[in-house]
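Structure, as structure tokens:
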Amino acid sequence: MEPRISIITLAVADLEKATAFYQQGLSLERVNDMEAISLFKMGGTILGLYPRDKLAEDIGIPDGEINFPSMTLAHNVESPEAVDALIAVAVAAGATLVKPAHKAFWGGYSGYFSDLDGHFWEIAWNPLL
């Protein structure tokens, strides 16, 4: 087996609103035209948005058992200025600023926002990457 993560699927309350947020707030291009799920190519990984109730049904658990995990998604950009710009665009599209961008202890520059469904995103510039 080749170790890799192919798709990350986020449970969302409103697929149409979440799709618009990811298209406008993160400038992602949707790569499918199905009404039931939205898929966005992110390098070698796909980010999927799927209605919470449908994801619970697919997993085989009651809808109320889907909780947000203790995790973050990170997106690295080319400069500290790009961090500020992307966070500003995301907030303008409806994200909630969680932690303003700042010089990080590890030598980079990063900040956090949460999307419309509470998923945490770190936007970062890492001089080591």
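Scanning the stretch 13-45 for residues that are in a strand (DSSP E or B) and either basic (Lys, Arg) or over 11 Å from the mean Cα position of the chain (by Cα) (or both) yields a count of 5. Within the stretch 8-26, does at least one residue satisfy the condition of being in contact with a Lys or Arg (Cβ under 9 Å, 6 or more places away or on another chain), among the polar types (S, T, N, Q) and within 20 Å of Ala124 (Cβ to Cβ)? No; the residues of the stretch 8-26 include none that is in contact with a Lys or Arg (Cβ under 9 Å, 6 or more places away or on another chain), among the polar types (S, T, N, Q) and within 20 Å of Ala124 (Cβ to Cβ).
Restricting attention to the stretch 46-61, does a residue exist that is surrounded by fewer than 12 Cβ atoms within 10 Å (Cβ to Cβ), at pLDDT 90 or above and either under 14 Å from the mean Cα position of the chain (by Cα) or not small (Gly, Ala, Ser) (or both)? Scanning the stretch 46-61, I find no residue that is surrounded by fewer than 12 Cβ atoms within 10 Å (Cβ to Cβ), at pLDDT 90 or above and either under 14 Å from the mean Cα position of the chain (by Cα) or not small (Gly, Ala, Ser) (or both), so the answer is no. Report yes if Leu28 is under 19 Å from Asp117 (Cα atoms), touching a helix residue (DSSP H, G or I) at 6+ places or on another chain (Cβ under 7 Å) and crowded, with 17+ Cβ neighbours inside 10 Å, otherwise no. Taking the combined requirement at face value, the residue satisfies it. Restricting to the stretch 65-118, name every residue that is in a loop (DSSP other than H, G, I, E, B), without any contact (Cβ under 8 Å) to a residue 40 or more places away in the chain and within 19 Å of Leu55 (Cβ to Cβ). The answer is Asn67, Pro69, Ser70.
The values are calculated or read from the model by the stated rules, or taken from the named source; none is laboratory data. Just so it is clear, the structure is predicted and the values come from calculations on it, not from any experiment. When we count neighbours, we look across all protein chains shown, and the Cβ atoms used for this are built from the backbone with ideal geometry, even at glycine.
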